[in-house]
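This report concerns only the one structure given below.
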Amino acid sequence: MPTTNKEDVQSMMKMLLNSAKEIRESFGYSGDEKMVPTAFIVSDEGVVILALTWKDNKEKYQMAAAVNAQARRLKATSLSFATDARWVKLEVFCRYYKLDKPTGQNIERLKKDYHRILNAHEGEVKNLPREVWEEAIVVFTNGPGIPTTLQMAPYKEGPNDTIEWIPREEHPGERGESDMLTDWWS
């Protein structure tokens, strides 16, 4: 199975990120639920683009598994997802909820506390107090010969319901993890 050139992957990811940023901006900051996650399957046959919608995490992971299986069937060279993402700022989260600072010794306890608190907020990071989380447009890609790689564009609410992009040092080829991408080609 052919591998994809590293520069081609970075260029593709940058294009996907810029397109996702434009789409996210078009909804205004308050339109956060309008951003539709999208999958891009690249193969020798061309590109398959899939809009993904789900009502809960169970559906999210079922859809991701189906997309991963489709990439395998197509003998794809890469699979990318472009989506809006939120994550907690762990140290701020710990301070806010009066939890011990993260250390190697207490990480399992922090995970339990995190899930307990998240479940008390309907399982959604967006329902936590605003000061404990951040958000970004994220593109993540993998494939045969392509380790899971990501590009992101963090943002915050700007004036008059706009998106204010937060400058971030570029990290070409930045490695990451995604629970939506498996080693689907194996």
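Going by what's in this entry, would S11 be described as touching a residue at least 40 places away in the same chain (Cβ under 8 Å) and not hydrophobic (A, V, I, L, M, F, W, C)? No, not satisfied. For the range 1-29, the set of residues classified as polar (S, T, N, Q) and modelled with pLDDT of 95 or more consists of N18, S19, S26, listed by residue number. Within the range 20-46, being small (G, A, S) and over 19 Å from S178 (Cβ atoms) holds for S26, G28, S30, G31, S43, G46. Among the conditions (1) in contact with a Lys or Arg (Cβ under 9 Å, 6 or more places away or on another chain); (2) crowded, with 16+ Cβ neighbours inside 10 Å, the only one that N142 does not satisfy is (1). A residue that is of a type outside the set (G, A, S), farther than 26 Å from A71 by Cα and either free of Cβ contacts under 8 Å to residues at least 60 places away in the same chain or touching a helix residue (DSSP H, G or I) at 6+ places or on another chain (Cβ under 7 Å) (or both) occurs somewhere in the range 147-155.
For the range 146-179, taking the residues that are modelled with pLDDT of 90 or more and part of a loop (DSSP other than H, G, I, E, B), the one that is farthest from E25 (Cα to Cα) is identified as P167. The residue that is surrounded by the most Cβ atoms within 10 Å (Cβ to Cβ), counting only those in the range 74-106 that are more than 27 Å from I137 (Cα to Cα) and not charged (D, E, K, R), is L99. Residues in the range 85-96 that are out of contact with any helix residue (DSSP H, G or I) (no Cβ under 6 Å at 6 or more places or on another chain) and not basic (K, R): A85, W87, L90, E91, C94.
Table: residues versus (1) within 21 Å of R175 (Cβ to Cβ); (2) touching a residue at least 24 places away in the same chain (Cβ under 8 Å); (3) not basic (K, R).
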position	(1), (2), (3)
A20	yes, yes, yes
Y29	no, yes, yes
K34	no, no, no
S43	no, yes, yes
N57	no, yes, yes
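Summed over the range 15-32, the residues that are under 13 Å from A136 (Cα atoms) and either within 15 Å of the chain's Cα centre (by Cα) or not in a helix (DSSP H, G or I) (or both) give a count of 6.
Residue-wise test of (1) exposed (fewer than 12 other Cβ atoms within 10 Å of the Cβ); (2) more than 23 Å from L118 (Cβ to Cβ).
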| position | (1), (2) |
| --- | --- |
| I23 | no, yes |
| F27 | no, yes |
| G31 | no, yes |
| F40 | no, yes |
| D44 | yes, yes |
| D56 | yes, no |
| Y61 | no, no |
| A65 | no, no |
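The values are calculated or read from the model by the stated rules, or taken from the named source; none is laboratory data. These numbers were taken from a predicted model, which means no experiment stands behind them. When we count neighbours, we look across all protein chains shown, and the Cβ atoms used for this are built from the backbone with ideal geometry, even at glycine.
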